[in-house]
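Below is one structure; the comments refer to it alone.
The values are calculated or read from the model by the stated rules, or taken from the named source; none is laboratory data. Just so you know, these numbers come straight off a predicted model, no measurement behind them. Here the Cβ positions follow ideal geometry from the backbone for every residue, glycine too, while neighbour counts run over all protein chains shown.
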Amino acid sequence: MFTRSKNNVLAIFGPTASGKTELLKRLFVDTGLNDRVEIVSADSIQVFRGLTIGSAKPDPEFLDELPHRLIDIMDPERDFSIGDFIRLADEACTACIEGGKLPVISGGTAYYIKGFIMGIPETPMVSPEIRIQVQHELKQHGIDVLREELKLHDPVSFSRIHYNDTYRLTRALEVFRATGKPLSSFTVPVNPRPQWNVHAFALNRPRDELLKRIEHRVDAMFHDGLIEEIKTLLAKGYSVTTPGLKGIGYAEFMEAVQQHGIECLNNTTILAQIKNEIILHTRQYAKRQMTFMRSLPDVVWIDPDDIVSIKKSINAALAPDILFEYTEAHDA
């Protein structure tokens, strides 16, 4: 055992395209430490089976070298909430530690990272009658009517919820109707959860560099077969309302198909528009990710290319136990 602290958890996260997978490889595979750690994925899209290219899921060879938990664990038609993530991440970290490994939470879904570290607000139970009524209104009147209601009563939640995210939309309305209070008003925890000692490291790249990496990633997704992946998902009956397809990289395709029909996936003009939308939305999302991550307590911001400093920082966090043994000449 390399760590005597039974509740140590390492968290390595950053915005989209900042280089998290590359860093994990350099830290744990290239050094031969992949038998000492196990990754717990904190990605809201990679949990879904079949959503591979658009979610930038690590390739199978890398997953063989460095096992990841919470990837490919459910089908896209199912909802996956922050509460589900925290419960499963707790179970995964416990299993890692019992197996003699250090759990490493890694991903770009900042809401999941913050929820794991801090916990989530205690919101009230909602009666089945309210839930059924909201679902009935969604089917009868459509999403726009419900969004207008939410905008009136809870503008903060309204601004945070994606247009097609019916799960979070209906949840926010259910809470308001049950309590008369907006979901955003419920108290957010101010202290970390006591069961884990989380050592948090966030990747920080210059803005211009990150924007270029985002554009390169989207280009690579199209080159690697994202359009064919979308066609496969559509052939399975998935659509704009499928919970797993509301993320960036999938929602843009689903909305285009809803508007123009599946033949639009053979239209170069529309495909170019979709690509530009994905790049724009990813850049906007990365900005929100950085803002959210900076709200987390005790985060060490790291240059993902400065491996020597990162190893020193991780060793210092885990002290008196040491994870990395290295020479600066080897890592330079």
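Could you grab me the full set of residues in segment 1-30 that are farther than 24 Å from ASP298 by Cα and at pLDDT below 95?
Result: MET1, single match.
State all residues of segment 161-182 that are at pLDDT 90 or above and more than 19 Å from the chain's Cα centre (by Cα); if no residue qualifies, say none.
Residues satisfying the conditions are THR170, ALA172, LEU173, GLU174, VAL175, PHE176, ARG177, ALA178, THR179, GLY180, LYS181, PRO182.
Considering ARG213, ARG217, which residue is of a type outside the set (Asp, Glu), closer than 11 Å to GLY54 by Cβ and either in a helix (DSSP H, G or I) or modelled with pLDDT under 95 (or both)?
Just a single option satisfies the conditions, and that option is ARG217.
Within segment 251-332, considering only helices (runs of 4 or more DSSP H) that don't extend past its boundaries, which have at least 1 residues that are under 19 Å from the mean Cα position of the chain (by Cα)?
Here the list reads 251-260, 268-293.
Conditions tested, residue by residue: (1) among the hydrophobic types (A, V, I, L, M, F, W, C); (2) over 22 Å from PHE80 (Cα atoms); (3) out of contact with any Cys (no Cβ under 8 Å at 6 or more places or on another chain); (4) in contact (Cβ under 8 Å) with a residue 12 or more places away in the chain.
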| site | (1), (2), (3), (4) |
| --- | --- |
| LEU211 | yes, yes, yes, yes |
| ASP224 | no, yes, yes, yes |
| GLY244 | no, no, yes, yes |
| GLY247 | no, no, yes, yes |
| ALA251 | yes, no, yes, yes |
| GLN258 | no, yes, yes, yes |
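Select from segment 191-209 the residues that are in contact (Cβ under 8 Å) with a residue 24 or more places away in the chain and part of a loop (DSSP other than H, G, I, E, B) and write down the one among them that is nearest to LYS312 (Cα to Cα).
The selected residue is ASN204.
If a residue must be among the aromatic types (Phe, Trp, Tyr) and either assigned to a helix (DSSP H, G or I) or out of contact with any Asp or Glu (no Cβ under 9 Å at 6 or more places or on another chain) (or both), how many such residues does segment 138-164 contain?
Selection size over segment 138-164: 1.
State whether the residues of segment 48-58 include one that is crowded, with 21+ Cβ neighbours inside 10 Å, in contact with a strand residue (DSSP E or B) (Cβ under 6 Å, 6 or more places away or on another chain) and polar (S, T, N, Q).
No, segment 48-58 contains no residue that is crowded, with 21+ Cβ neighbours inside 10 Å, in contact with a strand residue (DSSP E or B) (Cβ under 6 Å, 6 or more places away or on another chain) and polar (S, T, N, Q).
For residues that are in contact with a Phe, Trp or Tyr (Cβ under 9 Å, 6 or more places away or on another chain) and of a type in the set (D, E, K, R), scanning just segment 46-100, find the one that is farthest from PRO121 (Cα to Cα).
This residue is GLU65.
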